[in-house]
Amino acid sequence: MFTSVDDVSARLAETGYLASPAVATTVFLAARLGKPLLVEGPAGVGKTELAKAVAQVAGARLVRLQCYEGVDESRALYEWNHAKQLLRISAGRDESWDEARTDIFSEEFLLPRPLLTAIRGDEPTVLLIDETDKADVEMEGLLLEVLSDFQVTVPELGTITATRRPFVVLTSNAGRELSEALRRRCLFLHIGFPEEELERRIVRLKVPGLGEALAESVVRVVGALRAMDLRKVPSIAETIDWARTLLALGADTLDESVVRDTLGVILKHQDDVQKAAAKLDLDAL
């Protein structure tokens, strides 16, 4: 998939994803070693976008499993098309149960979900297991089984083994601790808030119409907000949204009026907005 760490950086940059050396190195190793990549960090720092960028540069199909509380095997792995099975049974009333059973538990009636879809694919595939920490602990057992041997057992059909292993990315916002067993299966990467210089480059890339001076001011103010004791500090996604907002307003510089009127773009709680308005000193930045 990649020839070197520099190749990772260059090809991801072509998609608009500016990777730090740590990100590029870990992606290269995950691809070379064939191990799943567990990416952890705050919401909005580019974990999901990393998987999308890897799929784009590799010309691979992106298969996404969005985790949530209560997601189970039928949503993650496979289930049977019960309505179609009932129609088949009704149509073959003169058949014995053994004859009908052989038919209705065949490929025709199988509904593959993301995990099985990724395993059965014979084309380059990136499997994104998004927000793994939102799934129940029981779901980790299924992931362990799938990620250890990249095979799945369907009792009625037998064991299905991947002919071409997907590149697997699991993301987590660290809402809960993932098991040590799952972590051992993966290479670990933490993506935090970027250094000021990298974030400035990201802003200029994502919002090309923004002037260099204003981009620098935006990044400095966001950095100051992150240093405050807020309920939810702004992520890279909010930085980009704010830059686009300022561009839409035709702002050339940041002053107290513009910042006060647009704080709702980067801060999502009223007490955070009030705290920032009271403590933020633009002259000191």
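The set of residues in the range 1-52 that are part of a loop (DSSP other than H, G, I, E, B), open to solvent by 50 Å² or more (accessible area, probe 1.4 Å) and closer than 21 Å to residue 174 by Cβ contains only 35. In the set (1) farther than 26 Å from residue 68 by Cα; (2) open to solvent by 70 Å² or more (accessible area, probe 1.4 Å), the condition left unmet by residue 214 is number (2). Just one of the listed residues (153, 163) is in a loop (DSSP other than H, G, I, E, B), at pLDDT below 95 and not hydrophobic (A, V, I, L, M, F, W, C), namely 163.
Among the conditions (1) in contact with a Gly (Cβ under 9 Å, 6 or more places away or on another chain); (2) assigned by the TED database to the domain that holds residue 181; (3) surrounded by fewer than 20 Cβ atoms within 10 Å (Cβ to Cβ), residue 103 misses just one, which is (2). One residue is enough: does the range 148-156 have a residue meeting the conditions free of Cβ contacts under 8 Å to residues at least 40 places away in the same chain and open to solvent by less than 60 Å² (accessible area, probe 1.4 Å)? Yes; the residues of the range 148-156 include at least one that is free of Cβ contacts under 8 Å to residues at least 40 places away in the same chain and open to solvent by less than 60 Å² (accessible area, probe 1.4 Å).
The values are calculated or read from the model by the stated rules, or taken from the named source; none is laboratory data. This is a predicted model, so every value here is computed, not measured. Methodologically, a virtual Cβ is constructed for each residue, glycine included, from the backbone with ideal geometry; neighbour enumeration extends over all protein chains shown. Side chains included, ligands, DNA and RNA excluded: accessible areas come from the protein's heavy atoms. Shrake-Rupley method; radii C 1.70, N 1.55, O 1.52, S 1.80 Å.
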